[in-house]
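So the structure is just underneath, and the comments pick up after that.
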Amino acid sequence: MVKLDEAEVLGNGVDFSTQDGKVHLSASRCPACGAAFYPPRNNCSADGTSPLEDILLSSGGTIYTFTVARQSTPEFKTPYVLVYVDFPENVRVLLPYDGSEPPPIGANVEIVMAAGPRLENDNLISIPHARI
Ligand SMILES: [Zn+2]
């Protein structure tokens, strides 16, 4: 895993916000049925309601499952771990994991900013990751 100081920190962006030092992903919630979506969207896929409410997800959740990426394009060091995190808002999000070993299924994780695996102008950037 690339160290945070090797990456450009983007700060608050369109897909997350930081509050009290914690990272909250931006999402949408349907005012009619309560379904939540990440990333944010314009229409509810359950009932077609539009517009949806902007919400911020909790700053953590639980591990649903994971995979270990052992092959990638040359600029990304492998292996790296990707996880599905179940948030209390009933949303499942695929995120990179900030750790070299896969986490236990069901583990509680927090969302943190860490470098890659994403490039912008040939530089690794910090994006939300899950971390125990
Ligand atoms: Zn709905």
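The values are calculated or read from the model by the stated rules, or taken from the named source; none is laboratory data. Everything numeric here is computed off the predicted structure, so don't read it as measured data. Backbone-built Cβ (ideal geometry, glycine too); neighbour counts: all protein chains shown.
Does SER126 count as away from the ligand (no atom under 16 Å from the Cβ), in contact with a strand residue (DSSP E or B) (Cβ under 6 Å, 6 or more places away or on another chain), of a type outside the set (A, V, I, L, M) and not in a loop (DSSP other than H, G, I, E, B)?
Yes.
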Filter result (in a loop (DSSP other than H, G, I, E, B) and either within 9 Å of the ligand (Cβ to nearest atom) or hydroxyl-bearing (Ser, Thr, Tyr) (or both)) within segment 44-69: CYS44, SER45, ALA46, ASP47, GLY48, THR49, SER50, LEU52, SER58, SER59
Test: residue in segment 4-13 that is at pLDDT 80 or above and assigned to a loop (DSSP other than H, G, I, E, B): no
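Could you check how many residues of segment 87-110 are over 20 Å from VAL68 (Cβ atoms) and either within 11 Å of the chain's Cα centre (by Cα) or touching a residue at least 40 places away in the same chain (Cβ under 8 Å) (or both)?
Adding up the residues that qualify gives 6.
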Conditions (1) within 18 Å of VAL23 (Cα to Cα); (2) surrounded by fewer than 19 Cβ atoms within 10 Å (Cβ to Cβ); (3) touching a residue at least 40 places away in the same chain (Cβ under 8 Å); (4) of a type outside the set (Val, Ile, Thr); number of the one not met by ALA115: (2)
Scope segment 82-123; condition part of a loop (DSSP other than H, G, I, E, B), over 12 Å from GLY60 (Cβ atoms) and among the charged types (D, E, K, R); matching residues: ASP98, GLU101, ASP122
Flag for ASP54 being at pLDDT 95 or above and of a type in the set (D, E, K, R): no
Filter result for ILE63 (more than 19 Å from PHE37 (Cα to Cα), among the hydrophobic types (A, V, I, L, M, F, W, C) and over 10 Å from the mean Cα position of the chain (by Cα)): no
